[in-house]
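J.: I'd like to ask some things about the structure below.
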Amino acid sequence: MSTILETSELPAVFDGVKLAAVAAVLYVIVRCLNLKSPTAPPELIYQDSALARFLLKSCPLLTKEYIPPLIWGKSGHIQTALYGKMGRVRSPHPNGHRKYLTMPDGATATFDLFEPRSEHCTGEDVTMVICPGIANHSEKQYIRTFVDYAQKNGYRCAVLNHLGALPNIELTSPRMFTYGCTWEFGAMVNYIKKTYPQTQLIVVGFSLGGNIVCKYLGESQANQERVLCCVSLCQGYSALRAQETFMQWDHCRRFYNFLMADNMKKIILSHRQVLFGDNNMKKPQSLSEADLGKLYTATSLMQIDDNVMRKFHGYSSLKEYYEEESCLHYLHRIHVPLLLVNAADDPLVHESLLSIPRALSEKKENVMHVLPLHGGHLGFFEGSVLFPEPLTWMDKLVVQYANAICQWEKTKPHCSDAEQAVSGQE
């Protein structure tokens with residue numbers, strides 16, 4: 001009798017185990033995909049001013065819910081991974097012309113120029129000068145998608161190709177792009193200003209490019225001439241503060257660090273002969289074969305920066321390199337309207353770094369910090385359930401903000417003196 005009872009109880013036990021396993025899997029899925037996270041409008045940090053009120057009225061995306069794809073869009077890791085792996089879906093192929101500029105040290109800077117495909121909403125000539133993310137260039141899908149959308153909205157676009165990033169362009173000087181070197185971006189901007197004397201500029205920087213454009217504008221008041229506004233997307237503001245967080249395993253930052261370091265190694269090694277060749281008399285004296293050996297074994301961006309990148313500009317230490325090349329000490333010198341966009345779930349930018357744009361936007365009326373709950377690092381995909389749309393929330397926001405600033409500049413002379421006061425000036 002007892003044997004019969006034990007036998008009849010076994011299926012119930014197995015069913016309980018199955019249910020527990022299914023429940024555990026569902027729990028992991030819900031946690032990993034962050035399905036319980038709500039959707040909400042982005043958090044906005046700004047000072048009340050005529051400009052801020054105009055932007056809130058003219059940019060619906062600032063006050064509207066950002067709704068990512070239902071199944072995976074609330075995971076910052078998946079948003080980041082999709083951006084990193086495929087950039088965008090159904091990316092267009094805008095036609096542009098490549099320009100070459102010779103730098104004083106013999107380096108050859110390149111950028112791609114794309115003409116507008118319609119008239120701008122204000123009827124003005126406006127050019128977006130764009131700086132991509134780390135080791136990126138105009139051929140990346142997320143850049144192509146954004147440029148195509150900007151062209152359709154009447155913007156000329158100039159996109160910097162980071163020095164050494166294009167696989168088919170050889171270095172002509174023993175130097176690559178670095179975290180905060182503004183030389184090539186400045187040369188591109190000067191070319192645009194000289195070639196199109198009537199154009200006004202919208203400055204846009206993605207990730208590392210955000211650091212470069214903000215540093216460039218803050219380096220000199222002259223750099224802000226004819227600039228209508230600046231938009232920085234998903235940057236970390238201070239490499240010195242970020243380096244410690246990049247070695248931590250929470251939110252898999254150490255893993256992302258390894259992947260980016262591996263990509264940087266491949267790019268540097270593709271220019272090995274120019275950067276490390278013995279016959280190159282121009283190479284930095286502090287750059288040696290020993291550094292090449294350390295490059296092979298590097299597993300983090302910090303190791304690469306310390307052994308190779310900082311030496312392109314003669315920095316004596318990694319600390320000095322990160323301090324001098326970060327935009328942190330230049331942000332307060334920017335007086336044009338400045339939009340700083342980050343995502344709360346960006347796995348690359350630690351939440352402690354977000355105190356920098358928050359503090360700045362609380363002090364300066366020309367600055368607005370936009371912080372949606374979701375979006376990851378340069379993801380910000382939109383879509384109903386599973387498949388993302390070609391255009392992202394980020395693409396639309398930048399163009400919408402740029403349109404609003406252009407409208408503001410055009411209507412400002414007709415407003416009262418009180419409404420004209422944009423007190424970004426210190």
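J.: Specify the angular offset, from 0 to 90 degrees and rounded to the nearest 10, of the alpha carbon long axis of helix 76-86 from the longest principal axis of the alpha carbons in the chain.
T.: So the helix axis and the longest Cα principal axis differ by about 60 degrees.
J.: Follow-up. Given N residues in the chain, what is its alpha carbon radius of gyration divided by 2.2 N^0.38 Å?
T.: Details: Rg = 24.1 Å, N = 426, 2.2 N^0.38 = 22.0 Å.
For the chain, the normalised Cα radius of gyration is 1.10.
J.: While we're on this one: For the chain, what does the helix formula give at 222 nm: sum of -39500 (n - 2.57) over DSSP H segments with n ≥ 4, over the residue count, nearest 500 deg cm²/dmol? Mind dumping the intermediate values first?
T.: Details: 15 runs with 175 residues, N = 426.
So the calculated ellipticity at 222 nm is -12500 deg cm²/dmol.
J.: Just tell me which aspartates and glutamates come within less than 15 Å, Cα to Cα, of Lys152; anything on the same chain fewer than 8 places away is out.
T.: Candidates past the 8-residue exclusion: Glu115, Glu119, Glu124, Asp125, Asp395.
J.: Among Lys194/Lys412; Lys265/Lys294; Lys215/Lys410; Lys363/Lys396; Lys64/Lys364; Lys140/Lys410, which pairs are too far apart, with a Cα-Cα distance over 22 Å?
T.: On the way: Lys194/Lys412 26 Å; Lys265/Lys294 11 Å; Lys215/Lys410 27 Å; Lys363/Lys396 27 Å; Lys64/Lys364 24 Å; Lys140/Lys410 33 Å.
Cα-Cα > 22 Å for Lys194/Lys412; Lys215/Lys410; Lys363/Lys396; Lys64/Lys364; Lys140/Lys410; rest within.
J.: Restricting to bridges with both residues inside the chain, how much of the DSSP beta-bridge set is antiparallel, in percent to the nearest 5? Walk me through the numbers on the way to the answer.
T.: Details: 14 of 38 bridges.
Beta bridges within the chain, antiparallel portion: roughly 35 percent.
J.: Here's something else I'd like to know. Tell me, what HN-Hα J-couplings in whole Hz come from the Karplus equation 6.51 cos²θ - 1.76 cosθ + 1.60 at θ = phi - 60° for each residue of region 149-160, using x for Gly and Pro?
T.: Once rounded to whole Hz, the list reads 5, 5, 4, 5, 9, x, 9, 6, 10, 10, 10, 6.
J.: Can you give the angle from 0 to 90° between the axis of helix 208-219 and the longest principal axis of the chain, with both taken from C-alpha atoms, to the nearest 10?
T.: Compared with the principal axis, the helix lies near 30 degrees.
J.: How much of the accessible area of the chain, probe 1.4 Å, is carbon plus sulfur, in whole percent?
T.: Numbers: 10770 of 19000 Å².
The value for the chain is 57 percent carbon and sulfur by accessible area.
J.: Quick one: accessible area per residue over the chain, 1.4 Å probe, rounded to a whole number of Å²?
T.: Values: 19000 Å² over 426 residues.
Ligands and nucleic acids excluded, the result is 45 Å² per residue.
J.: To continue, here is another question. Taking H as built 1.01 Å from N, whose amide H comes closer than 5 Å to the amide H of His377, not counting residues under 5 places away?
T.: For His377, the qualifying residues are Thr80.
The values are calculated or read from the model by the stated rules, or taken from the named source; none is laboratory data. Note that the coordinates shown come from a computational prediction; the quantities given were computed from them, not determined experimentally. Calculation scope for accessible area: heavy atoms of the full protein, side chains included, ligands and nucleic acids excluded. Shrake-Rupley method; radii C 1.70, N 1.55, O 1.52, S 1.80 Å.
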